[in-house]
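A short write-up of the structure that comes next.
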Amino acid sequence: MKIALIAMASLFSMATFANEGMDKVYKIRWVLAHEPIGLFTEAAQVFKKEVSEKSHGKIAVEVLTLPEYEVKYNKGIKIKQRAYLRKIQEGKIEMSQTYTTTLGQVSNSMYALDLPFLFRDHVHAKKVLEGQQGDKLLADLSKANLRGLAFTYSGGYRIVPGTKAISKVEDFKGVKIRTSDSPVAQETFKLLGAKAVPMSLDGVEEGIKKGTINEAESTYARYFTLGQNKLANIVNETHHSLFLTSIIVNEKMWDSMPADYQKIMKDAAINAARIERDHSITAAEETKKRCLENGIKVVTFEKKEEERLKVALQPIYKKYTPVFGQEFISSIQAQ
């Protein structure tokens, strides 16, 4: 009888532990922080609905654009990109999505995703981003008080819009190209004899106007939405790498949630990411069609020239393999 009572007490204790935190309402603000916001709107709303339903309303998500957050929660004061990332690390913003090139500043392993021609196609990318390699990169963010939940595209394959047609390796020589802060992205163009100019995506039009740059590493999804088409009247379809972002949450907030709720959040984030990636692919196709309809020149690499470009960029793998690890890079390529 005494043993039975002890067993019952133990089971009661385990049930209490399992339910701990399940009655609390977790209020989460998902701030859509960068353009093109339209790619994320549906995905964020699907995420919000899914976590609310599966948690019976205990996970309450408020979806806001960055300007809306600034007005409602930051006294109307504008937030710069790096300061915005700090707010997530500090828990002042619970959730968002941001560039992997930005996340590389707090977790260098993210820069591996910028290696040229790393992904064969979208099917390959999905296997990697939703597989062990993607999980490792997301887990690495914990050292920066961030929890990565899933990878999104926010545009997909990169293009190089500008004022010069680029159809072979030699065409890059001497060209000033806007890139991100990623050292891998900058090294990519330096290897081709171009000058890499780190610059925000919304500065492309002004950069071309002032002559600071001739071309810009961008995506189809941003070409019209950021007004890059106004002066960059040629689109060079290099597709040399994927423009990636990641859905992230504050690590401390994440750790405060019961395991069941964490699973709900993780599953919903993966579903939302798939929706966003599909939207990015469709947006690229529609934007290319719009370019052609509007007489904008779209330059593509012939297969032979694409192979030459890949060969020309191989030294970057030799340089960064010691940084990211041969085993890790090989595991991505082998997927």
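Quick look at the values:
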{"quantity": "Residues of the stretch 33-54 that turn out to be crowded, with 20+ Cβ neighbours inside 10 Å and among the basic types (Lys, Arg), as a count", "calculated": "0"}
{"quantity": "Index of the failed condition, Glu187 passing every other in (1) acidic (Asp, Glu); (2) within 25 Å of Ser280 (Cα to Cα); (3) in contact (Cβ under 8 Å) with a residue 40 or more places away in the chain", "calculated": "(2)"}
{"quantity": "From the options Gly76, Gly57, residue that is surrounded by fewer than 12 Cβ atoms within 10 Å (Cβ to Cβ) and at pLDDT 95 or above", "calculated": "Gly57"}
{"quantity": "Enumeration of residues in the stretch 32-83 that are touching a residue at least 24 places away in the same chain (Cβ under 8 Å), closer than 15 Å to Ile247 by Cβ and not hydrophobic (A, V, I, L, M, F, W, C)", "calculated": "His34, Glu42, Glu50"}
{"quantity": "Number of the condition not met by Gly295 [criteria: (1) of a type outside the set (Asp, Glu); (2) without any contact (Cβ under 8 Å) to a residue 60 or more places away in the chain; (3) part of a helix (DSSP H, G or I)]", "calculated": "(3)"}
{"quantity": "Extreme residue, surrounded by the most Cβ atoms within 10 Å (Cβ to Cβ), among residues of the stretch 91-122 that are charged (D, E, K, R) and without any contact (Cβ under 8 Å) to a residue 40 or more places away in the chain", "calculated": "Lys92"}
{"quantity": "Set Lys289, Lys252, Lys266: member being more than 19 Å from the chain's Cα centre (by Cα) and closer than 25 Å to Glu42 by Cα", "calculated": "Lys289"}
{"quantity": "So Ser13, is it assigned to a helix (DSSP H, G or I), at pLDDT below 50 and hydroxyl-bearing (Ser, Thr, Tyr)", "calculated": "yes"}
{"quantity": "Extreme residue, surrounded by the most Cβ atoms within 10 Å (Cβ to Cβ), among residues of the stretch 124-168 that are under 30 Å from Asn229 (Cβ atoms) and β-branched (Val, Ile, Thr)", "calculated": "Ile159"}
{"quantity": "Candidates Ile316, Ile264, filtered to the one that is within 26 Å of Thr179 (Cα to Cα), of a type in the set (Val, Ile, Thr) and surrounded by 14 or more Cβ atoms within 10 Å (Cβ to Cβ)", "calculated": "Ile316"}
{"quantity": "Cβ-Cβ under 7 Å pairs, at least 6 apart or on other chains, the stretch 313-335 side over 12 Å from Leu115 (Cα atoms), far side surrounded by 15 or more Cβ atoms within 10 Å (Cβ to Cβ) and among the β-branched types (Val, Ile, Thr)", "calculated": "Gln335/Val128"}
{"quantity": "Condition met for Lys297 (closer than 21 Å to Gly174 by Cβ, among the basic types (Lys, Arg) and modelled with pLDDT of 95 or more)", "calculated": "yes"}
{"quantity": "All positions within the stretch 298-335 that are in contact with a helix residue (DSSP H, G or I) (Cβ under 8 Å, 6 or more places away or on another chain) and not in a helix (DSSP H, G or I)", "calculated": "Val298, Phe301, Leu313, Gln335"}
{"quantity": "Which numbered condition Asp181 misses (of (1) surrounded by fewer than 20 Cβ atoms within 10 Å (Cβ to Cβ); (2) in contact with a strand residue (DSSP E or B) (Cβ under 6 Å, 6 or more places away or on another chain); (3) at pLDDT 95 or above)", "calculated": "(3)"}
{"quantity": "Residue match in the stretch 262-275 (condition: over 20 Å from Asp121 (Cβ atoms) and assigned to a strand (DSSP E or B))", "calculated": "no"}
{"quantity": "Complete set of residues in the stretch 214-241 that are buried (at least 24 other Cβ atoms within 10 Å of the Cβ) and under 13 Å from the mean Cα position of the chain (by Cα)", "calculated": "Thr219"}
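The values are calculated or read from the model by the stated rules, or taken from the named source; none is laboratory data. Keep in mind it's a predicted model, so treat the numbers as computed, not measured. Glycine also receives a Cβ, built like all others from the backbone with ideal geometry; neighbour counts cover every protein chain displayed.
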